[in-house]
Each structure stands twice: as structure tokens, then as C-alpha cells.
Amino acid sequence: MKAPATDQDLVKRCMHGDAVAMRQLVERFQQEIFGLSVKLLRHRQDAEDVTQEVFLRAFRSLHTWDSQRPLRPWILTIAVNRCRTLIGKRSRRPESLHLHEEVASPKDHPNGNELYSEIQAALADLREDYRTAFILFHEQSLPCEQIAASMDRPIGTIKTWLHRARSAIFDRLQSRGVVDALPEARSTH
Amino acid sequence: MNHPSFEDEIPGECEQFELLLQQYLDGHLPCERIFEGHAELCHSCQQRAQIAYSILHTLPGQEIAEFPDQTDLIVNRALAERSRSSRIRNYRRSLAAVAVAGILIPVLLQTFRWQRPAENLSEGLPTQVAERNQNDSRSPVEENQSPENVSAPKVRPIVQVLNNAGATVTDYSRRGLDSATSLWPTSEKVDNASVVAITDQPAAVGHDDSLSRLPTAVQTGIEPVSNSAKNAWNLLMRDTGLARMQKPNS
């Protein structure tokens, strides 16, 4: 069985206009990009548009990517920036936008949808910066350094935002009594 | 009892536990550490530990259901954009080449054109050459058809061409300056002219061949000028002070 091409190989071939390599690159990252966009934007149509735009921008600027660094954070950074730009535009738009609260429904999970939905609802009430930092850290598993680079903020600021986002989510989940429905963690760990 | 929010004042042990919780969520502490010690005694902190644990085990790697596959769309758009940008790049390159050619060709033509006056001036002024050509019985067509002109043109190095061009310009300027200098009034002429122009015509003293009776052109060596031009000349002489120096009885 043929080993999957490395990011460096894919990028090199994409820069030469290899359609197969471009397909592979899109297939490798599009689900994650779309998921992140949906979580940040809470709007499927916007997320689809952003996903397309992210890849087009990525293909356009592949020559600026440092091949010594991993590709995934680089693409995620483009996605975060596009989402933040769109959120900024939305805030300046006079008409209200109906955001989906259930767009990020998870696939089957042992803890069920309830906790996830509660977390998403709590996230929706958070400030955009806090939400982005929280999602990038806890859902996309990006390190604080990478989040800081993506959001163009110092690491200390990102850690503060994360701390505040978590505290707000804890408070909300506690006040809504979600904790009582959770399975006993001590017995599972 | 609800745990006080992070912004509020937190009792000592709960505050310490909150820091532990953050460290756990940052991935710096094992799971066991948050469920022992203070969490076993404080119900609120135990709940928060439970939430933290759930967050860490629920959120990462969550995939979105009903994911739309946009691979074809994205790749087609990327390829179309790539070919379009390639076309634009080629168009810009061609435009730049045409612009460079548009600048270079006239410069080269000008450089080679300088070569002709050099050849002409070596045989005399352009007017003299023209006169000679008029007197020449042979027509230019015949000249061109003569066997000596049919030979292949010489290819000269660019340095030689530029040297010839420079020499031609220098020579032409010198000749032009010489001819202009010959027309320039000498001090003697200027003196005579100013005397004639500013002083009154002296009375005849009985000599018919008196200088004053001679035409102005003879006196000054300058072509006769009309009254208005003479007046202008007088004014010029007066303004420049040349007339005053020569003015009699001053």
C-alpha cells in the first residue's frame, strides 16, 4: 500500500499545478476547516464559503509557506483569519443573521449530545475572541503559541482569554445543572 | 451552592483548586490530581472538576455531521484561477516587452541616424551638400543603383557608432557656433553704430564724401535697419551703457 504523500510533497506538486495533489490537499484538510468554520461562524452556508476561500487563498500563497513548519496550523490560521474577518463584517451589517445553534452537532459520543449542546450554547454567549481561543485550543487542539500567532495576540492574552472562557462555561453548566447528568468521571478515569 | 465566578473573590482553597483545574485543562496535570484533595471535600469544586473532565473528553476531534464535500468545486476554481493568473502574467510580460521595445527601438534608430550627419558634415555643411546634390547630374535612384553602392553595409561596433555620433554633435555645434560668431557685432561695429544712432547727424562741412553722408551700412558694417529697429537698438545700447561711453560731449 502506498504511503500518503507528505505535506511538503503535496505542496510542491500543488505549486506546479498538479490537480491530483490539489485534490489530496483539499481532502486532507477540508473537513477540519469546515468544522472550525462552522464552530466559529455558526452558519453552514458561510462556513462552506469560507472553506472554499481558505483553500483558494492557500493555493495562491503556498509559496509563502515555510516547509520547515507543519502545514495544518498554517491552513488553520488562514481559516481563523477568514472567519474573524467575516464575523467583523457581520457585526457591521445592519440586518440580523439567523445563526444556527445546532450546526455543530457531534457525531456519536458516549457523553451524548446534551453536554456538547450546552457547551456550544455557552460558547455562543461568549465574546468572539474568547470563543475563538477556546475552540482552537479545546476543539482543534492547537497550542497556545499557534493560537497567539493565528489571532495576532500575545500568548499571555490567549491564556487569559482561555481562562475566562472556561470559567464562563463552568458557571453556565453548573447553573443549568448539566453536571448532575454527567457520568461519574472518577469511575471512568 | 454555586461556585463563585472567576472574577469574584474565591476562597483560598477553591482559588487554589481553580488554578489546578486550569492547569489540568492546559494539559499540564493528570486527571487524578483534580479529583483528589480539595475536590473530595468541596461539592462545587467537584462539579467543576467533572465539567473540566467532560470538556477535555468531549470536545477534541469533534467532527461535523453532514459534511459537504467541496473538493471538485475548490479544485476547479483553483485551477481556473491559476490559469487566469497565468494568462494575466503572460499578458503583462508581453506588455512590458512591447514597452521596452518601444523605448529601445527609437533610441537605436536615433543612434544610427546620428551617423548620417557625421558623413554629411565631413563633406561640408548640409546646405553645401544640398547644393552639390542639386548640381549633380545623376539622380539618387541612379546613385543607389550604381555598383559601388550595392555593396553590403558595414557593421560597425556600437562604440565606434557612438564615437562618431559624439564627434558629429561636437563638430556640428562648433560649426554652428562659428557661423553665429561671425554674425555677432564686434566692439568696433557696436561703437560706430552707437555713435551714429545716438548723436545727431553732423552738418556737412563741404565735403561730399564726408563719412556722415555715407550710408549707415558702410559706416557700421551692419545691414540698414528700419527706424523702429534702430530705435530698439539705440535703447539697447543706452541701457547697456555702451552708448554712454562713446557719447561725444559727455
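The values are calculated or read from the model by the stated rules, or taken from the named source; none is laboratory data. Quick caveat, the model's predicted, so the values are computed rather than measured. So basically every Cβ, Gly included, is an ideal-geometry build from the backbone, and we count neighbours across all protein chains shown. Each accessible area value is taken on the protein alone, full model and side chains, heavy atoms only, with ligands, DNA and RNA left out. Shrake-Rupley method; radii C 1.70, N 1.55, O 1.52, S 1.80 Å.
Here are the numbers for this structure:
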quantity: In Å, descending, principal axis extents of the Cα set of segment B:50-109; calculated: 87, 26, 8
quantity: Farthest positive-ward along segment B:32-106 dipole, Cα basis, beta-carbon charges - from B:I55, B:A80, B:H43; calculated: B:A80
quantity: For A:R72, solvent-accessible area (1.4 Å; no DNA, RNA or ligand), Å²; calculated: 70
quantity: In nm, spacing of pseudo-spin labels at A:E27 and B:L235 (7 Å Cα→C-beta vector); calculated: 9.5
quantity: Exercise: per-residue mean of other protein chain Cβ atoms within 10 Å, B:20-33; calculated: 2
quantity: Listed residues B:H38, B:H57 arranged by accessible area, highest first, probe 1.4 Å; calculated: B:H57, B:H38
quantity: Area accessible to solvent at A:V11, 1.4 Å probe radius, in Å²; calculated: 10
quantity: Heavy atoms of B:W114: accessible area, 1.4 Å probe, square angstrom to 10; calculated: 110
